[in-house]
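Laboratory data are not the source of any read-out in this text; all were calculated from the coordinates shown. Everything numeric in this text was worked out from a predicted model, so none of it was measured. A quick note on method: Cβ atoms are made from the backbone with ideal geometry, for glycine too, and the neighbour counts reach across all protein chains shown.
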Amino acid sequence: MNEYNTPFIIGAGWAGLSAGIYLSQAGYSPTLFESAPQAGGRARSVYLTPHLKVDNGQHLLLGAYREYLQLCQLLSLSEKTMLLRQPLQLLFRTPHHPSREIHLPAFLPSPLHLLWGLLIAQGYSFTEKYAVLSMMSRLLLHDFTLSSDCSVQKLLHTYQQPVTIIQYLWQPLCLAALNTPLHLASAQVFLNVLKSSFIAPQYHSNTLLIRQPLSDSFVTPAIQYIQQHQAKLLLRHKVTQLHITDKTVCGISVNQQFIPCSQVILATPAHITRRLLAPHKIFLQALTQQLAALSFEPIYTAYFQYPEHITLPEYMSASIATLGQWYFDRRHCQQPGMIAIVISSQGHHTTFSSSTLLTYLEAELQHYFPALGKPLQRFLIKEQRATFSCQVNIQHYRPQQITPVKGLYLSGDYTLTPYPATLESAILSARLASQALATEH
Ligand SMILES: Cc1cc2nc3c(=O)[nH]c(=O)nc-3n(C[C@H](O)[C@H](O)[C@H](O)COP(=O)(O)OP(=O)(O)OC[C@H]3O[C@@H](n4cnc5c(N)ncnc54)[C@H](O)[C@@H]3O)c2cc1C
């Protein structure tokens, strides 16, 4: 036995950290190798200036994130102090038309909360409300399962959704949930999200806003937990090679040094996983082909810092027919005066320079809220590979956590789970990979 005769986890994003927690809980002392100077991956906090820490992108969670909530309990994180839990409130603004609003009541059980919320929704016509309710009830008859996948756009046309309800409900929800445009997005994965949020206990449809910076809220407690359980986290340790002989894992190379091991959870992003597996096509041909079929979508997050007394009327709202898609007032996240604007997926915005885009976004914000004045500071974070593109039939291309190579497991938001690329998918994949590793013969 050498000191490395423990499971290795490559990558310390939320998937890798969660795998570290699950393996520690199962009695292992894994070693995590992370190439970056900090853990957290795509869901980490970053310093924009020496005194200004923000999240790498605005994140919103749902009450349906069961894996995440269970892990928080394991880490003894108090939901009350950590999360702002709210019944779903959707407000859709548009520059030249009245806004529309859907509030799901907290006092009714599911699915009555949905029925009631839609019936009293403001700004929607009777025909629009009926179309949504009729589609949801017909989908329920099929348990939200399609015989074959199609695009969300096709699904909405099949269920005769009016153009306006697509524009003021389905399109923003689809972009927010799948980060993929309607004409490409997988209807089946979208239905999985709708089912887990609405055809479930009422609180599954709640929105959860993490009150602290992402790194403080999960990443640091996760590191503390695994270190208390004798696991190791090695930052600035980039894994450059995976060694496999006889269809069995036998080691990794880190900074040109070979380290033997027999069990690895690869929790790197999909494109890095593909790179590490490519030399082993002979054992992993189908898997590398699956990974090659994945493409990626960007998310841009703009941060506008105003004086601390500045607030928006809602903590979250959507904007239609503008470049900015969702506005978040970060006063609930210990950042008074900070407004985050999210732009999902591809679009015109990717053709603008950062400063031009910020100017457009600021003008849109000013149009809705003239009293805001000039921001003190503004920043744009562009994540080009924020998520995999959740396209039609994507579930055929997402690899399982178990691989044909003995001792090799995959974890990450892109691996096969019912959900799109989310924190919940990353955590669920980690649980599945860790369970498979722990039961390996
Ligand atoms: C801007 C943005 C907004 C988002 N909004 C939401 C949201 O609102 N709700 C939601 O649920 N999800 C959201 N997501 C998605 C969510 O952040 C991801 O699904 C999740 O963080 C993925 O975690 P992961 O561990 O699978 O991958 P990653 O976070 O990518 O972690 C992989 C880790 O591997 C490390 N690594 C890479 N190569 C190597 C190597 N060779 N050796 C060692 N380590 C390596 C990386 O540095 C990284 O730390 C958003 C993502 C972005 C970018």
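Per-structure values
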| read-out | value |
| --- | --- |
| Gain in span if fully extended, His367 to Thr311, counting 0.36 nm per residue against the direct Cα distance | 18.6 nm |
| Gain on full stretching of the segment that runs from Thr245 to Thr127 - 0.36 nm per residue minus C-alpha separation | 36.2 nm |
| Spacing of the two label points (7 Å from each Cα toward its C-beta) at Ser78 and Asn255, in nm | 4.0 nm |
| Cα-based Rg and Dmax for the stretch 88-205, where Dmax is the largest Cα-Cα distance (Å) | 13.6, 40 |
| Normalised per residue, the volume of the convex hull around the Cα set of the chain (Å³) | 151 Å³ |
| Phi to ³J(HN,Hα) by Karplus 6.51 cos²θ - 1.76 cosθ + 1.60 over the stretch 97-102, Hz, x for Gly, Pro | 9, x, 7, 10, 9, 10 |
| Thr248 long-range amide H proximity, modeled H, under 5 Å | Lys406 |
| Rg over Rh [alpha-carbon atoms, Kirkwood Rh] for the stretch 313-441 | 1.12 |
| Euclidean distance between Cα centres, the stretch 73-89 to the stretch 245-322, Å | 26 Å |
| Ordering of 243-256, 379-392 by packing [mean C-beta count within 10 Å, highest first] | 379-392, 243-256 |
| Beta bridge orientation in the chain: antiparallel %, DSSP, nearest 5 | 75 percent |
| Rounded if a/c under 1.5, otherwise prolate or oblate - the stretch 257-395, Cα gyration tensor axes | prolate |
| Whole-Å distance, taken between Cα centres, linking the stretch 21-45 and the stretch 374-441 | 15 Å |
| Mean shadow area of the stretch 124-181, taken as a quarter of the surface of its Cα convex hull (nm²) | 4.0 nm² |
| Of Thr49, Thr158, Thr359, the one that fluctuates the most in a GNM where the chain has Cα springs shorter than 10 Å | Thr49 |
| Alpha carbon centroid spacing (whole Å) that separates the stretch 98-151 from the stretch 186-226 | 21 Å |
| Neighbour-count order for Phe198, Phe8, fewest beta carbons within 10 angstrom listed first | Phe198, Phe8 |
| Long-range HN-HN contacts of Thr240 with modeled amide H, under 5 Å | Ser253, Val254, Asn255, Gln256 |
| Most mobile of Ala321, Ala371, Ala64 in a GNM of the chain (Cα contacts under 10 Å) | Ala371 |
| Interchain or long-range residues, amide H under 5 Å from Leu62's placed H | Leu208 |
| Most fluctuating residue given options Leu104, Leu62, Leu77, as computed from a GNM of the chain linking Cα atoms under 10 Å | Leu77 |
| Sequence ranges 260-273, 15-28, ranked by mean other-Cβ count within 10 angstrom, highest first | 15-28, 260-273 |
